[in-house]
Amino acid sequence: MKQPTENPLPTTTEWEEPEGFGDALRLHTRRFGESYLLLHRAIIQPSETFHADTLKGWALGRRVPRSAASMEILGRIEKRYGLTTGYFKSKLPHPGRATAVPALPGITPAEQRRLAWHLPDDFGKRTRAQQAEILDWVRTVVVSGSTEYRRYQSEASKIRYSLRFPSLTGRKAQAKRPQPRDEADFEASEEDIDLIAGSIEAPPRLTAEMAELIRFKSSTLTDIGFQRSGVWNEETILQKVEHLGLMFGAMRAAPDGLVAGLGIPARHLTIAMLVFPRLWDWYVQWREVRRGFFTRWEVDMLRLASALTRKQTGWLRQMPGLAGRLTPVEGVISEQDIDTAQANWGAACDRLHAHAAARAKEIERVARVHRDPFEPILSVLQADSPVGEYRKIADEILRLAPNPDRYPRAAAEAERSFLLIRLGLHLGLRQKNLRQLMVCPRGQLPRSERQLETLKRGEIRWSERDHGWEVFIPAVAFKNAGSSFFDGRPFRLVLPDLADLYRHIDEYVRRHRPALLGPVADPGTLFVKTVKVTSRSAEYDQNTFYEAWRLVIQRYGIYNPYTGNGVIKGLLPHGPHNIRDVLATHILKQTGSYERASYAIQDTPDMVAKHYGRFLPQDKSALAAQILNQVWLAA
């Protein structure tokens, strides 16, 4: 029986690099003149159970290495043949697939599946102390994001008390803790983690009152005898309903519980209670104690109270009949308060209107920002080219993308992830507009502008005139439709065919998107969820789209020192809204112009300066220095 040599020599040092794993394994065994049996004898110890037929199956494409033990064998082959570490893993049909590791004690199978992507191949062979260190890093940095606000979120979401209105919002009460939503999507005020922690359905009477308020603020025409100022769109309705649900949930919560609420029985809750200043003082101070300081959230809620009681147009002012539903609340609403309000409802509304306006100004002076929206992407914003830095995520997705013939669904998910990043960087859209973007495949008739205006959505379609993929979005689909940026005109952009973008869009629309849809009805949107057995719809909502983006960042964006995957050191999990900060900051760094930056995100220079541009002082100095230095260069 022929015995393997300890240090075999290759017959040639030049070869044409194969693409597939099996081809590469066959090539290098031939280069060193070894059979599968000889290679097996060389790298496998007598006490090990690894069979030579497995090597043969790998080479012939019948099997694929998957376990941590198999990855170790690949490492031995790489060492024997003088190949770089990870050479064979990079040739696998699914190089980004998480290595199967042994069951981890104290960790549920579901959590282990989530963690497996971020664990090194040799995790099972590391010491317990090293394993604990890696798990702690993954949970802290990758899963939760190690910011002060994320830590607050983690603790606050464990206590559920917010009331839900499923018949009004279409969202059922959460039975389990969900992933956090993208707070930045509510730009007017800071989002509250409590909004995702509600598990209690509101009582029927309060739900009916909320339905009347929504009808008043959203119907095309007001009822005869009523007046209003401004109309709520769908997003505003969801926001206001959830914010009021949070307030009523606090009012309902037991005083001696973790929430330390007012303990008002659910059947006694009514919007009429919002007419009393002492209730609002209790609520904003309760929130201050809970968070540790005031934020703009309390300011916005007080302004809502002021709007509800405004003369002539306030809904609550025009509903004096609700006063008959009031009941006393110890320490907050007395019998005398109720009698006074019922005797003169207009005067009660005047008192609350003045009180809310004054309190809002007082709190605004001391309000702090709890969530720094730039913190998760600070390492990107500090780069000389923020867009170039963020683009690395798209390149990493392609590097780890699986073979679509062998893994069609996983390949479709990777292509979707790639286009999320690429289109996000090209378009700079808000989450809603990108999520609701419709698709018209090549050769089909695109939707008319009127149809898209009715849908309040945009569309990506092939333009025969420009010979390119075009994104068309009517102005009414944007949150800031009345902005001077649009001036009533639609948004239209022909995407550039850079870095094979058109090929990726064509492949996704033709091949990958149908693989994600499966048998479920097509919602018509470009981005669709991966349909499972329990799926009812393939269309993303605000929460699931945020989670999809966050997962892309966790897998491909955050640099993992233990696996070598990920491309940006210091990056933290975040949602799609942050890409607008990246675009605005990139243009500010390159040009110093707020106006040009506003063009990239369909907004105004004032809005960019206030919300989106992270323009550091040293960058301003560098721009000025470039101009001044020209004097010396010309001398």
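Sorted by accessible area (1.4 Å probe), largest first, how do S90, S598 line up?
Reading off the accessible areas and sorting them downward yields S90, S598.
Using heavy-atom solvent-accessible surface (probe 1.4 Å) with all chains present, what is the largest-first order of T85, T127? Write down the numbers at each step before the final one.
Details: T85 140, T127 75 Å².
So, going from the largest accessible area down, we get T85, T127.
May I have the count of lysine pairs in the range 356-500 with C-alpha atoms under 27 Å apart, counting pairs 8 or more residues apart or located on different chains?
On the way: K361/K479; K392/K432; K432/K456; K432/K479; K456/K479.
For the range 356-500, the number of qualifying lysine pairs is 5.
At D339 and E288, where each label point lies 7 Å from the Cα along Cα→Cβ, what is the point-to-point distance in nanometres?
3.2
Helix 296-308 against the longest principal axis of the chain: what's the angle in degrees, Cα atoms only, rounded to the nearest 10?
40
On a 0 to 90 degree scale, rounded to 10, what angle separates helix 345-366 from the longest Cα axis of the chain?
Once rounded, the angle reads 40 degrees.
Tell me the carbon and sulfur percent of the accessible area for the chain, rounded to whole percent, probe radius 1.4 Å. Walk me through the numbers before you get to the answer.
On the way: 15750 of 30680 Å².
Carbon plus sulfur share of accessible area: 51 percent.
Lysines within cross-link reach of K2: Cα-Cα under 28 Å, excluding same-chain residues under 8 positions apart?
K56, K79
Given points 7 Å out from each Cα along the Cα-Cβ axis, report the Q444 to R503 separation in nanometres with one decimal.
It is 2.5 nm.
By how many nm would the segment from S385 to K532 grow when fully extended, if each residue of separation counts as 0.36 nm and the alpha-carbon distance is taken off? Numbers along the way, then the final one.
Working: separation 147, 0.36 × 147 = 52.92 nm, distance 3.90 nm.
Here the answer is 49.0 nm.
Report, for the range 395-546, the % of DSSP beta bridges that are antiparallel, rounded to 5. Numbers along the way, then the final one.
Numbers: 11 of 14 bridges.
Within the range 395-546, antiparallel bridges account for around 80 percent of the total.
Report the FRET efficiency, 1/(1 + (r/R0)^6), for S67 and F226, where r is their Cβ-Cβ distance and R0 is 56 Å, rounded to 0.05.
Numbers: r = 68 Å, r/R0 = 1.22.
Efficiency, rounded to the nearest 0.05: 0.25.
Dipole magnitude of the range 1-150 about its Cα centre, charges +1 at Lys/Arg Cβ and -1 at Asp/Glu Cβ only, in debye to the nearest 20?
Working: 22 positive and 17 negative charges, 78 e Å.
Its charge dipole is roughly 380 debye.
Taking the mean number of other Cβ atoms within 10 Å as a proxy for protection, how do you rank 383-393, 583-593, 480-490 from highest to lowest? Write out the running numbers ahead of the final one.
Details: 383-393: 18.7, 583-593: 21.6, 480-490: 13.3.
Top to bottom by mean Cβ count within 10 Å: 583-593, 383-393, 480-490.
Which whole-Hz couplings ³J(HN,Hα) result when phi for each residue of the range 447-457 is put into the Karplus expression 6.51 cos²θ - 1.76 cosθ + 1.60, θ = phi - 60°, listed in order with x for Gly and Pro?
Karplus-based 3J(HN,Hα) across the range 447-457 equals 5, 6, 4, 5, 4, 5, 5, 5, 6, 6, 9 Hz.
Quick one: what are the phi-derived ³J(HN,Hα) couplings along the range 499-507, Karplus 6.51/-1.76/1.60 with θ = phi - 60°, whole Hz, x for glycine and proline?
6, 6, 4, 4, 4, 5, 5, 4, 5
Ordering R291, R511 from largest to smallest accessible area (1.4 angstrom probe), what's the sequence?
Values: R291 25, R511 85 Å².
Ranking R291, R511 by accessible area, largest first, yields R511, R291.
How large is the dipole of the range 302-351 about the Cα centre if only Lys and Arg carry +1 and Asp and Glu carry -1, each at its Cβ, rounded to the nearest 20 debye?
Details: 6 positive and 5 negative charges, 85 e Å.
The dipole magnitude comes to about 400 debye.
What does the accessible area per residue of the chain come to in Å², with a 1.4 Å probe and no ligands, DNA or RNA counted?
Details: 30680 Å² over 635 residues.
In whole numbers, the chain has 48 Å² accessible per residue.
Mind checking the full-extension length gain between R41 and R492? Use 0.36 nm per residue of separation minus the Cα-Cα distance, one decimal, nm. List each step's numbers first, then the result.
Numbers: separation 451, 0.36 × 451 = 162.36 nm, distance 6.40 nm.
Length gained, R41 through R492: 156.0 nm.
Only helical DSSP H runs with n ≥ 4 go in: add -39500 (n - 2.57) per run for the chain, normalise by residue count and round the 222 nm mean residue ellipticity to 500 deg cm²/dmol. Each step should come with its number before you reach the end.
Working: 25 runs with 277 residues, N = 635.
Per the formula, -13000 deg cm²/dmol.
Pulled fully out, how much extra length does the chain show between L551 and H467, if you take 0.36 nm times their separation in residues and subtract their Cα-Cα distance?
Details: separation 84, 0.36 × 84 = 30.24 nm, distance 3.35 nm.
Computed gain between L551 and H467 is 26.9 nm.
Rounded to the nearest 0.05, what FRET efficiency do R365 and T604 have when you use their Cβ-Cβ distance and R0 = 25 Å?
On the way: r = 26 Å, r/R0 = 1.04.
Once the sixth-power term is evaluated, E becomes 0.45.
Among 438-451, 237-250, how do they line up by average Cβ neighbours within 10 Å per residue, starting with the highest?
Numbers: 438-451: 13.6, 237-250: 21.6.
Highest-to-lowest ranking by the protection proxy: 237-250, 438-451.
Would you pull out the residues with amide H under 5 Å of F491's amide H, same chain only if 5 or more places away, H placed 1.01 Å from N?
Here the answer is I473, A475, since their amide H atoms fall under 5 Å of that of F491.
Non-local amide H neighbours of I200 (under 5 Å, H modeled in plane, Pro and chain starts lacking H): which ones?
Hits under the 5 Å cutoff: R164.
Compute the acute angle (0 to 90°) between the alpha-carbon long axis of helix 578-591 and the principal axis of greatest extent of the alpha-carbon atoms of the chain; round to the nearest 10°.
Relative to the chain, helix 578-591 is tipped by roughly 80 degrees.
Report the label-to-label distance for W137 and L60 in nanometres (one decimal), using points 7 Å from each Cα along the Cα→Cβ vector.
Here the answer is 4.1 nm between the modelled labels.
Between Q630 and A254, what's the calculated FRET efficiency when r is the beta-carbon distance and R0 is 56 Å? Round to 0.05.
Numbers: r = 70 Å, r/R0 = 1.24.
Efficiency, from the Cβ-Cβ distance: 0.20.
Which percent, nearest 5, of DSSP beta bridges in the chain are antiparallel? If you can, show how the numbers build up before the last one.
Values: 12 of 19 bridges.
Given both bridge residues lie in the chain, the antiparallel proportion sits at roughly 65 percent.
The values are calculated or read from the model by the stated rules, or taken from the named source; none is laboratory data. What you see is a predicted model; the values in this text were computed from it and never measured. Backbone-built Cβ (ideal geometry, glycine too); neighbour counts: all protein chains shown. Protein only, heavy atoms only, side chains kept; ligands, DNA and RNA dropped before computing areas. Shrake-Rupley method; radii C 1.70, N 1.55, O 1.52, S 1.80 Å.
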